[in-house]
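Enquirer: Questions regarding the structure given below will be posed in turn.
The values are calculated or read from the model by the stated rules, or taken from the named source; none is laboratory data. No experiment lies behind these values; they were computed from the predicted model shown. Heads up, the Cβs are rebuilt from the backbone with ideal geometry, glycines too, and the neighbour counts pull from every protein chain shown. The protein model used for the area step is the full one, side chains on, heavy atoms only, and it has no ligands, DNA or RNA in it. Shrake-Rupley method; radii C 1.70, N 1.55, O 1.52, S 1.80 Å.
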Amino acid sequence: ESLIELYNNVWPETAGTYKEKTKWMLSSHTFFGICASEHKRIIGSRPSFQTNIYYGKKSLQAVQFGLSCVHKDYRRLGVFSKMNKKFLKIFFEENKNDLIFNVSNSGSKIAYQNLGWIYINTLSKLYYFPSKFGFIVKARFNIKSLSGSIIYDKREIPVLDSFDFKLLDIRERYFRNNTNIHTFYNKTFLESRLQSDTNISLLSVDNIGVII
């Protein structure tokens, strides 16, 4: 309940939507997380959940960050840096794990890189823009920066209501035979991830495939 209260405070525009997501995250088979507190009140959160990451055919001990934040009244005090440092010590030094899967916006990515994090570039990016003006602003008026990206209209995405799980086997065989870092989605893991959030959509892109 204290975590949910923190999330509602940090993200008021989506307050009331974090109960099930938090319960799902805390139920991760292998859970690593750090919280900061003051006067028995949680003021910072740096949790993660287990994810099935492979490098070719080799399984990696990996987690993905989720719902990391600091209460607005305690920012710029070094709280997040202290939580992050403690998390890394527990995860890598004390438990000898392999990889943290982290997706960052441009601002936080620079901060992480300054701390020594190494990012793996993706082959393409997926963008949704509610307006043409927003599209240009997002690209910082540099259209060339969007080269190779997938642009889509969110209004045209149908809700996911069924899935052929044989496609996961085909996908995995391809990744295992090529030396790629990837998430291994079997039926159990995909169904678990779909339970983490009610806002799941399916997007079909010509000549590329299906994106969930």
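Enquirer: Looking at the stretch 37-83, which of the residues that are in a helix (DSSP H, G or I) and in contact (Cβ under 8 Å) with a residue 40 or more places away in the chain is surrounded by the most Cβ atoms within 10 Å (Cβ to Cβ)?
Expert: Top of the filtered list is Met83.
Enquirer: For the condition in contact with a Phe, Trp or Tyr (Cβ under 8 Å, 6 or more places away or on another chain) and of a type in the set (Val, Ile, Thr), what is the one hit in Ile34, Ile42?
Expert: Ile34
Enquirer: Here is a follow-up. The conditions are (1) surrounded by fewer than 16 Cβ atoms within 10 Å (Cβ to Cβ); (2) within 23 Å of Ile181 (Cβ to Cβ); (3) under 20 Å from the mean Cα position of the chain (by Cα), and Ser28 fails exactly one of them. Which is it?
Expert: Just one mismatch for Ser28, condition (1).
Enquirer: Something else about it: Tally time: how many residues in the stretch 164-183 are of a type in the set (Phe, Trp, Tyr), within 10 Å of Tyr55 (Cα to Cα) and not in a helix (DSSP H, G or I)?
Expert: Total meeting the criteria: 0.
Enquirer: Ser124 is checked against (1) in contact with a strand residue (DSSP E or B) (Cβ under 8 Å, 6 or more places away or on another chain); (2) at pLDDT 80 or above; (3) polar (S, T, N, Q) and fails just one. What number does that condition carry?
Expert: With respect to (1) in contact with a strand residue (DSSP E or B) (Cβ under 8 Å, 6 or more places away or on another chain); (2) at pLDDT 80 or above; (3) polar (S, T, N, Q), Ser124 is out only on (2).
Enquirer: So which residues in the stretch 5-20 are open to solvent by 40 Å² or more (accessible area, probe 1.4 Å) and either part of a loop (DSSP other than H, G, I, E, B) or over 21 Å from Asn84 (Cβ atoms) (or both), if there are any at all?
Expert: Scanning the stretch 5-20 gives Glu5, Asn8, Trp11, Pro12, Glu13, Thr14, Ala15, Gly16, Thr17, Lys19, Glu20.
Enquirer: For Thr51, which of the numbered conditions (1) closer than 25 Å to Arg176 by Cα; (2) touching a helix residue (DSSP H, G or I) at 6+ places or on another chain (Cβ under 6 Å); (3) of a type outside the set (A, V, I, L, M, F, W, C) fails to hold?
Expert: All conditions are met except number (2).
Enquirer: Let me ask something else. Test Ser104 against the criterion of being within 22 Å of the chain's Cα centre (by Cα), assigned to a loop (DSSP other than H, G, I, E, B), modelled with pLDDT under 60 and not charged (D, E, K, R), and give yes or no.
Expert: Against the criterion (within 22 Å of the chain's Cα centre (by Cα), assigned to a loop (DSSP other than H, G, I, E, B), modelled with pLDDT under 60 and not charged (D, E, K, R)), Ser104 does not qualify.
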